[in-house]
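A short write-up of the structure that comes next.
The values are calculated or read from the model by the stated rules, or taken from the named source; none is laboratory data. Predicted model only: the values in this text are computed from it and were never measured. As a convention, Cβ positions derive from the backbone with ideal geometry for all residues, glycine included, and neighbour counts pool all protein chains shown. With ligands, DNA and RNA removed, areas are computed over all heavy atoms of the protein, side chains included. Shrake-Rupley method; radii C 1.70, N 1.55, O 1.52, S 1.80 Å.
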Amino acid sequence: MIGRISKTTAALVVFVISVFPVYWMVLTAFKPTKDIQGATPTFFPASVTFDHFGTAIAAKGFFSFWRNSLLVAGGAVLLALLVALLAAFAVARLRWKGRRAFVLMVFVAQMTPWEALLIPIYVIARDTGMLDTLWMLTLVYFMMTLPFTIVTLRGFLAAIPVDLEEAAQVDGCSRGQAFRRVVFPLLAPGLLATSLFGFITAWNEFAFANVLIIKDQDDRTLPVWLSSFNNTFGTDWGATMAASTLFMLPVLLIFVVLQGRVTTGIVGGAVKG
């Protein structure tokens with residue numbers, strides 16, 4: 001009994017610590033400016049205002065930067081899924097020389113801190129004329145999400161019995177048809193899980209977007225745009241928090257809608273294979 005209470009208390013403490021910054025962000029977004037700048041913090045709003053959301057939406061380039069983030073994040077995820085699905089199939093289903101070395105390299109790439117590659121990637125983008133382009137940013141995010149996508153889909157593919165494909169081939173399907181009609185539908189949770197986490201990675205990334213998009217400010221993404229909420233007297237915290245809340249909503253809504261399948265995909269890709 002005591003052990004259960006201790007675990008519940010510890011879980012509650014971790015939950016509060018994790019959720020409080022999000023709560024404070026949303027709370028500040030709805031607070032009037034005088035309450036935000038007050039000397040005494042208030043944890044429950046005495047009054048609510050939507051003015052900060054109006055300021056954020058009316059800011060120059062809001063919808064352009066929103067579109068840019070959707071383009072680079074969505075493009076990176078689609079590319080990663082296409083390439084990772086083929087790579088995961090080759091690793092999980094085929095036997096070829098160098099397969100173990102390839103898997104090891106994928107794990108190494110996943111563990112590499114991408115910040116260490118910021119300068120080399122900047123030099124490559126500059127020398128190839130791809131600086132200040134959304135294509136370069138999309139390719140960078142594609143490279144960042146690809147290792148995780150391969151690892152997760154490999155584990156999920158390994159958990160699907162090969163007998164299912166062989167039975168489909170006996171019934172007259174080619175190998176490609178067997179994969180498309182039998183295996184691919186079973187991969188839905190894994191595809192959703194990897195898509196969501198890849199999208200979150202690309203959606204939230206700041207460093208590369210800030211470095212690779214310099215001259216053409218219209219190609220900035222939302223994380224970079226969020227840092228621009230300044231006025232004559234400093235940062236407009238109300239508008240910044242309102243913009244951050246809007247920035248969080250797409251991923252939150254997707255996760256809430258797909259929560260069950262995403263959880264299944266995470267477990268399947270993490271512990272199997």
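Is it true that some residue in region 180-190 is of a type in the set (Gly, Ala, Ser), closer than 19 Å to Leu78 by Cβ and in contact (Cβ under 8 Å) with a residue 12 or more places away in the chain?
Here is the first cut: in region 180-190, the residues of a type in the set (Gly, Ala, Ser) are 188, 190.
Now narrow it down to the ones that are closer than 19 Å to Leu78 by Cβ: 188, 190.
Within this subset, residues satisfying the condition of being in contact (Cβ under 8 Å) with a residue 12 or more places away in the chain are 188, 190.
For region 180-190, residues of a type in the set (Gly, Ala, Ser), closer than 19 Å to Leu78 by Cβ and in contact (Cβ under 8 Å) with a residue 12 or more places away in the chain: present.
Out of region 220-236, which residues are modelled with pLDDT of 75 or more and surrounded by 17 or more Cβ atoms within 10 Å (Cβ to Cβ)? If you could, list the steps in order and put the result at the bottom.
Our first condition is that a residue be modelled with pLDDT of 75 or more; within region 220-236, this holds for 220-227, 236.
Arg220, Thr221, Leu222, Pro223, Val224, Trp225, Leu226, Asp236, listed by residue number.
Could you identify the single residue in Thr145, Thr112 that is closer than 20 Å to Thr194 by Cβ, of a type in the set (S, T, N, Q) and crowded, with 17+ Cβ neighbours inside 10 Å? Can you show your working first?
Numbers: Thr112 fails: crowded, with 17+ Cβ neighbours inside 10 Å.
When all the criteria are applied, what remains is Thr145.
What are the pairs with Cβ atoms under 9 angstrom where one residue, in region 141-156, is at negative phi and the other, located anywhere, is basic (Lys, Arg) and open to solvent by 30 Å² or more (accessible area, probe 1.4 Å)? Sequence gap at least six, or different chains.
Pairs found: Gly155/Lys272; Phe156/Lys272.
Give the residue that is modelled with the highest pLDDT, with candidates limited to residues of region 48-67 that are in a loop (DSSP other than H, G, I, E, B) and open to solvent by 50 Å² or more (accessible area, probe 1.4 Å). Before you say what the answer is, go through the steps one by one.
First pass over region 48-67, keeping only residues in a loop (DSSP other than H, G, I, E, B): 48-50, 59-61.
Going one step further and asking which of them are open to solvent by 50 Å² or more (accessible area, probe 1.4 Å), we end up with 48, 50, 60.
Values: Val48: 85, Phe50: 88, Lys60: 78.
The qualifying residue modelled with the highest pLDDT is Phe50.
Suppose we keep only residues that are over 32 Å from the mean Cα position of the chain (by Cα) and among the aliphatic types (A, V, I, L, M) within region 17-47. Which one would you say is surrounded by the fewest Cβ atoms within 10 Å (Cβ to Cβ)?
Step by step, filter region 17-47, then rank; the result is Ala39.
One residue is enough: does region 80-97 have a residue meeting the conditions open to solvent by less than 40 Å² (accessible area, probe 1.4 Å), assigned to a loop (DSSP other than H, G, I, E, B), out of contact with any Pro (no Cβ under 9 Å at 6 or more places or on another chain) and free of Cβ contacts under 8 Å to residues at least 60 places away in the same chain?
no
Okay, residues lined up against (1) open to solvent by 20 Å² or more (accessible area, probe 1.4 Å); (2) out of contact with any strand residue (DSSP E or B) (no Cβ under 8 Å at 6 or more places or on another chain); (3) farther than 26 Å from Arg99 by Cβ:
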residue: Asp127; (1), (2), (3): yes, yes, yes
residue: Met136; (1), (2), (3): no, yes, yes
residue: Ile150; (1), (2), (3): no, yes, no
residue: Arg154; (1), (2), (3): yes, yes, no
residue: Leu164; (1), (2), (3): yes, yes, no
residue: Gly172; (1), (2), (3): yes, yes, yes
residue: Arg175; (1), (2), (3): yes, yes, no
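Among all residue pairs at least 6 apart or on different chains, which show Cβ distances below 8 Å where the first residue, located in region 48-67, is over 15 Å from Trp237 (Cβ atoms) and the second is open to solvent by 60 Å² or more (accessible area, probe 1.4 Å) and assigned to a helix (DSSP H, G or I)?
Gly61/Gln217; Gly61/Asp218; Ser64/Asp218
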